[in-house]
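Chemist: Structure provided below as structure tokens; questions to follow.
Just so you know, all these numbers are worked out from the coordinates, no wet-lab data involved. In this text, all values refer to a predicted model and were calculated from it rather than measured experimentally. Quick reminder, even Gly has a Cβ in these numbers, built from the backbone with ideal geometry, and neighbours come from all protein chains shown.
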Amino acid sequence: MAPPLAPVPDLDRELDALYDLPLEEFTKARNDLAARLRKAHQTDAANEVRGLKKPTTVAWAANRLARDEPKLTAALLDSGERLRETQQRALAGKAKPDEVADASGGERDAIRALLAAARARLGGRATPAVLDKLSQTLRAAAVDETARPLLANGRLSEELKAVGFGPLEAVKPSKRQESAEAARAARERVAALRAEARRLTTEARDAEREADEAARASEALRAEARDKREAAERIATELTEAEEALRARR
């Protein structure tokens, strides 16, 4: 009986390489890795790898940010942990509203920085819908104990929704606290939407101005082309006449 193949070296590194691939290459590479593990008689690892889901577009974008922007991702995870801890203390009556607001602001700043990086890196794929889902995924991963290490390692497979803060839900706030939280969340949402509307309005004006300038430049080029065409036709006529005159002298 032939001895089993050598174990796949450094499975963690293999998984890092897998999640680092372009999205369209994930499935084949995953299946290839599972086959190598199975041939090496590492059946449990092979089954685990074979069951890995291909990341969604949003999860892939989050993974890409984690790999390309490690400092910004670390800042998000730090701010998420701080927000989680501050809200836990606030719901227990041990943190002031200003502390919660400051922690929330730090998390928002970290997410904005990552979204700006996503716009630059994803180009045309950074649609408003993708960026909105990416924002939700980053916000959720920053405070979720299960998702935090997946984001840190760039191995998310699904987009997430920021619907709560895990253990915080076990601490029941008073109705007054709930009302204050809801009002603050509503204000933050309005402020975020207002800022986004201003940004998009500015970008729209810039795009319209560029389009107008391009149209004017195009019209100027067309006019220049017409003038040169007419000049070329005049020269061609003069050339014909000159050639006929030359032949007549001969």
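Chemist: Using a Förster distance of 41 Å, how high is the FRET efficiency between residue 145 and residue 211, based on the Cβ-Cβ distance and rounded to 0.05?
Modeler: Working: r = 48 Å, r/R0 = 1.17.
Between residue 145 and residue 211 the formula returns 0.30.
Chemist: Further question: Under a straight-distance cross-link criterion of Cα-Cα below 16 Å, which lysines are reachable from residue 161, leaving out those fewer than 8 residues away in the same chain?
Modeler: 133
Chemist: For region 27-139, just say rounded, prolate or oblate: build the C-alpha gyration tensor, square-root its eigenvalues into a ≥ b ≥ c, call rounded for a/c under 1.5, and beyond that prolate if a/b exceeds b/c, oblate if not.
Modeler: On the way: a/c = 3.34, a/b = 1.74, b/c = 1.92.
Because a/c hits 1.5 or more and a/b fails to exceed b/c, region 27-139 counts as oblate.
Chemist: Moving on. Going by amide H atoms built from the backbone, whose H comes under 5 Å of the H on residue 159, apart from near neighbours?
Modeler: Amide H to amide H, under 5 Å and 5 or more residues apart or across chains, residue 159 pairs with 56, 59.
Chemist: So for region 7-86, averaging the separation of alpha carbon pairs under 8 Å that are six or more residues apart and normalising by length, what relative contact order in percent results? Don't skip to the answer; put the middle values down first.
Modeler: Numbers: 43 pairs, mean separation 21.2, N = 80.
It comes to 27 percent, rounded to a whole number.
Chemist: Give me the lysines in straight-line cross-link reach of residue 28: C-alpha distance below 20 Å, same-chain residues under 8 apart excluded.
Modeler: Output for residue 28: 39, 53, 54.
Chemist: Read phi for every residue in region 90-104 and hand back ³J(HN,Hα) as whole Hz from Karplus 6.51 cos²θ - 1.76 cosθ + 1.60, θ = phi - 60°, with x for Gly and Pro.
Modeler: 5, 5, 8, x, 10, 9, 7, x, 4, 5, 5, 4, 5, 5, 5
Chemist: I've got another one for you. Based on the Cβ-Cβ distance from residue 246 to residue 224, what FRET efficiency comes out when R0 is 41 Å, to the nearest 0.05? Let's see the in-between values first.
Modeler: Numbers: r = 32 Å, r/R0 = 0.78.
In this case the efficiency is close to 0.80.
Chemist: Could you check the spin-label model distance between residue 129 and residue 99? Points 7 Å from the Cα along Cα→Cβ, value in nm.
Modeler: Result: 4.2 nm between the two label points.
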